[in-house]
1. Which whole-number percent is the relative contact order of segment 19-141 (Cα, under 8 Å, 6+ apart)?
2. Can you pull the one-decimal nm distance between simple spin-label points at residue 184 and residue 98, each 7 Å off the Cα toward Cβ?
3. Over what distance in Å are the Cα centres of segment 255-333 and segment 6-73 separated?
4. Counting C-alpha atoms alone, how compact is the chain: give Rg to one decimal and Dmax as a whole number, in angstrom.
5. Okay, which of segment 84-127 sit inside 18 Å, backbone N to the point 7 Å along the Cα-Cβ direction of residue 217?
6. What relative contact order, as a whole-number percentage, does segment 239-356 give when Cα pairs under 8 Å and 6 or more residues apart are counted?
7. Mean separation of Cα pairs under 8 Å and 6+ residues apart, divided by the residue count of the chain: what relative contact order is that in percent?
8. Applying the Karplus parametrisation 6.51 cos²θ - 1.76 cosθ + 1.60 with θ = phi - 60° to the phi angles of segment 182-193, what ³J(HN,Hα) value in whole Hz is obtained for each residue in order, glycine and proline being reported as x?
Amino acid sequence: MTTTGTATSTVITNIGAVVTNDPSRSTTGGSDPLGLIPGPAAVVVDGDRIAWVGASSKAPATDNRLDAGGRALLPGFVDSHAHLLFAGDRGAEFAARMSGRPYTAGGIRTTVAATRAAADADITATLTRLLAEALGQGTTTQETKSGYGLTTRDEARALEIAARHTDEVTYLGAHVVAPEFADDPAGYVALVTGEMLDACAPHARWVDVFCERGAFDGDQARAVLTAGMSRGLTARVHANQLGHGPGVQLAVELGAASADHCTHLTDADVAALADAAGTTVATLLPGAEFSTRARYPDARRLLDAGATVALSTDCNPGSSFTTSMPFCIAVAVRDMGMTPDEAVRAATYGGARALRRTDIGRIAPGARADLLLLDAPSHVHLAYRPGVPLAAAVWKDGVLRGRGTGSGLLLDEQPAAQP
């Protein structure tokens, strides 16, 4: 990969199709939520922002020009749920699951032991490696959580590291009960909502809790979330992954930004998420079901009810060790009832909604110039060609951060022709 940048304006022209996520730009009477602009289209980048989008023939004058060669352009993926702050490996656990052992939350403690023993440099190296891996596949905004330290010191140092490298940082001291509190879960909740929160809140934007059997029940989860909210953090919830439970209802009640997993939902849960579509996003994490051979969430049920849906990787060493948003898109289309359009929107605009961001997840004047050029004529190829690396170029904040290996790329920046 190469990195180039410019303080001048650049037009990316001869684009096959632009996914804007702005329905007002639809050429089908407003019925296209992707706001697809057919080619030949163009996008103008000025500094770290998008300045203009439309037909190539109408593009304004710029300092430089890039020829997209008929390829599709999307907003960069927004991965709103990941666990990248850890040490160790759980490949043996994965192999055991593939041999028939069921998944439970208990495996998290294996990573806790390895993470506590790791140096800051080792945790940082893992984080930056995974961030680079994700960026190379088109993820330009990445959330990550703590949750593998479970002591005040280890949770705080993880979040300090994350805040230096990621856009969105989440305090997840309530991942599971720490081993030394196995006989005193109330004592651990007191730690998470007291001393640990005091040390971690300055480094985070979000507070999360694993509201699930084997982790924290509804009352414990409420205590964790309300304590975090009192310190200025915004709630998000691991909800209803392993079975029916109170997580979704609690997320909606507290106005959480997202309820994540949403695998086991009652009709009341679906209705609550639909009613709260403007506040609480249902974030689906198909990598977890793929890796644990569990039932996939029913995205069609949520979409048809009117819920706002996001797709994320849930990248973590135990139950979803992937940074690939294209993989999650393909699985969502194949096994969760989503159309390619819906899956791409969920992986871009949906993720932005789950992070309560309006500057990402769309291609429109004023939005951040976070862009993904596919080595394909259409976004549909993300599901149509699963497992194939399709990122021809990725821009983060207007800077060309990487180029793919596709044939015939015409991305050599040139001064624009003068009149």
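1. Across segment 19-141, relative contact order equals 20 percent.
2. 4.2 nm
3. Rounded to whole Å, the Cα centres lie 30 Å apart.
4. My reading of the Cα-based Rg and Dmax gives 21.3, 77 Å.
5. Only 105 pass the distance filter.
6. Dividing the mean separation by the residue count of segment 239-356 yields 23 percent.
7. So the answer I get is 21 percent.
8. So the Karplus estimates, Gly and Pro as x, are 3, 9, 9, x, 5, x, 5, 4, 5, 5, 4, 8 Hz.
The values are calculated or read from the model by the stated rules, or taken from the named source; none is laboratory data. Computed from a predicted model, the values in this text were never measured in an experiment. Glycine gets a Cβ as well: all are built from the backbone with ideal geometry, and neighbour counts include every protein chain shown. In case anyone asks, the SASA skips ligands and DNA or RNA and just uses the protein heavy atoms, side chains included. Shrake-Rupley method; radii C 1.70, N 1.55, O 1.52, S 1.80 Å.
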